[in-house]
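The values are calculated or read from the model by the stated rules, or taken from the named source; none is laboratory data. The model shown is predicted, which means the values in this text are computed figures rather than measured ones. Cβ placement follows ideal geometry from the backbone for every residue including glycine, while neighbour counts extend to all protein chains displayed. All accessible areas refer to the heavy atoms of the entire protein, side chains included, with ligands and DNA or RNA removed. Shrake-Rupley method; radii C 1.70, N 1.55, O 1.52, S 1.80 Å.
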Amino acid sequence: QAVGAYSNVQAEVERRFTELPAPTICDAVDDRQVEVLLTALGRADDAVKALTVLGRYAGKVKQAKEAVTKMISQVSPPRARGLIRDVMLAKKAGVAMQIAGLKSIVEYMIPEPLELYRMVWRKGHCQRDVAGNVLAKVATSPEFPADDVRDFFEFFDRLDEVDKRRYAGDVLLTQLESSQEWSLPYLPQVVAKLALLPGLSQKAMKSLMTTTTHTTEVVKAIMEVTQVARLAERTTPVSGNPKASLLKDLQGLVSVDTTRTRLRELVTKRGIDECDPEVLSAFVKEELQQWEELDRKDGKKDGSSSTAAQNLLDAVLALWAQLIRPGKEQRWGQVMEDMYQTLAARTRNPRNFLALAGAISLRVRTMTVLPDEYDRL
């Protein structure tokens with residue numbers, strides 16, 4: 001511009017400046033920049049300080065979560081405990097980070113884990129993935145006294161948040177299926193409750209059949225579930241009804257084939273000899289009702305039973321015969337008399353009494369007894 005073209009140079013500069021586009025400010029980082037930052041933090045002399053910084057972003061940035069999880073292994077268990085509590089299990093840490101923290105508690109044998117579980121549990125007011133993982137870890141950790149962790153499982157007594165309870169129950173059952181030994185004696189009752197949630201009936205029953213501990217409680221739980229299932233069997237599911245799928249699942253638990261298979265598995269179940277006699281006897285008589293109904297419905301004109309009814313009765317009697325136990329010879333006569341009288345009140349078919357004799361005979365042949373016990377039997 002020619003000299004003297006502007007009367008006020010300062011005003012012209014200000015005018016041109018205001019016409020310029022607003023400058024852009026970078027308020028985000030890309031993957032490459034995140035990687036550089038994490039690499040720098042990973043080389044920090046003090047891993048604890050680095051973890052404190054990383055923890056703020058671990059719930060949102062995948063690489064940060066992986067870095068935090070890796071760096072936890074570089075500190076001692078006592079220090080790791082504080083970091084897991086303050087960084088990984090914090091309320092704002094994010095679900096993925098909290099799950100990683102729960103896994104780290106077990107992996108690095110963090111001391112006093114129950115306090116950490118309670119912290120992230122928040123009396124059940126946590127995200128469903130967190131709830132399921134906490135319940136699974138508490139249920140399968142033998143170091144916790146049963147009374148100290150009972151309140152965790154009261155979560156399934158709630159009437160609200162059905163989907164959350166079902167999801168958490170599914171996670172718990174998956175863990176229980178892979179663990180034959182349950183340390184908590186009330187777990188069978190918890191599983192019985194889960195069997196009444198949509199989509200969990202079959203899985204709950206499989207878990208009960210898998211465990212080898214607390215046999216009396218397991219048999220009680222199976223009996224409770226089958227009683228409800230038989231009520232469901234008398235109900236016709238209405239299409240569109242939210243409970244229709246649950247009714248179908250429960251009905252599947254008491255089909256003739258499923259019941260017969262379950263009874264045969266119980267005969268060979270480890271610990272069945274330790275089941276309380278009154279509980280096992282009550283369970284067997286409950287199963288006899290299903291056989292009686294089937295025999296009445298499918299019985300032939302000549303008074304003989306159908307093949308399905310005969311097979312079901314054989315399975316019931318085989319389980320019943322488990323009440324004849326080594327070292328309990330003073331009760332053998334009473335047990336067999338009760339078996340005979342109970343069966344006689346339900347049938348006059350000679351074949352059924354032959355089946356009873358066969359079940360007792362098989363039990364005697366396969367039972368480990370002393371020679372003098374065998375003679376008395």
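Annotations
- When every Cα-Cα distance of the range 117-194 is counted in 10 angstrom steps from zero, the calculated P(r) takes the values 19, 60, 21, 0 percent.
- Here the scattering of the range 318-362 is modelled by Debye summation over its C-alpha atoms, one equal scatterer each and no solvent; at q = 0.30 Å⁻¹ the log10 of I(q)/I(0) is -1.17.
- In this Cβ point-charge picture (+1 for Lys and Arg, -1 for Asp and Glu), the chain has a dipole of about 540 debye about its Cα centre.
- All-pairs Cα distance distribution in the range 246-343, expressed in whole percent, bin size 5 Å: 2, 12, 21, 22, 19, 12, 7, 3, 1, 0
- Exposed trypsin sites (Lys or Arg not before Pro) absent - longest run of the chain, DSSP non-H/G/I/E/B, at most 11 other C-beta within 10 Å: 159-233
- About its Cα centre, the range 180-301 has a charge dipole of approximately 520 debye under the convention of +1 per Lys or Arg Cβ and -1 per Asp or Glu Cβ, with nothing else charged.
- Accessible area per residue, Å², the range 241-364 with all protein chains present, probe 1.4 Å: 49
- Fraction of accessible area attributable to carbon and sulfur, the chain (%, probe 1.4 Å): 53
- Ordering Leu102, Ala321, Leu194 by Cα displacement along the dipole of the chain toward the positive end leaves Leu194 in first place; charges were set at the Cβ atoms of Lys, Arg (+1) and Asp, Glu (-1).
- Both numbers refer to the Cα atoms of the range 190-270; Rg and Dmax are 12.7, 42 Å.
- Percent of Cα-Cα distances greater than 27 Å, calculated over the chain: 64
- For a label point 7 Å along the Cα-to-beta-carbon line of Arg234, residues of the range 260-302 with backbone N under 18 Å: 285-298
- Values of log10 I(q)/I(0) for the range 137-261 across q = 0.12 Å⁻¹ run -0.44, by the Debye formula with one identical scatterer at each alpha carbon and no solvent.
- The alpha-carbon positions of the range 84-149 define a convex hull whose volume is 78 Å³ per residue.
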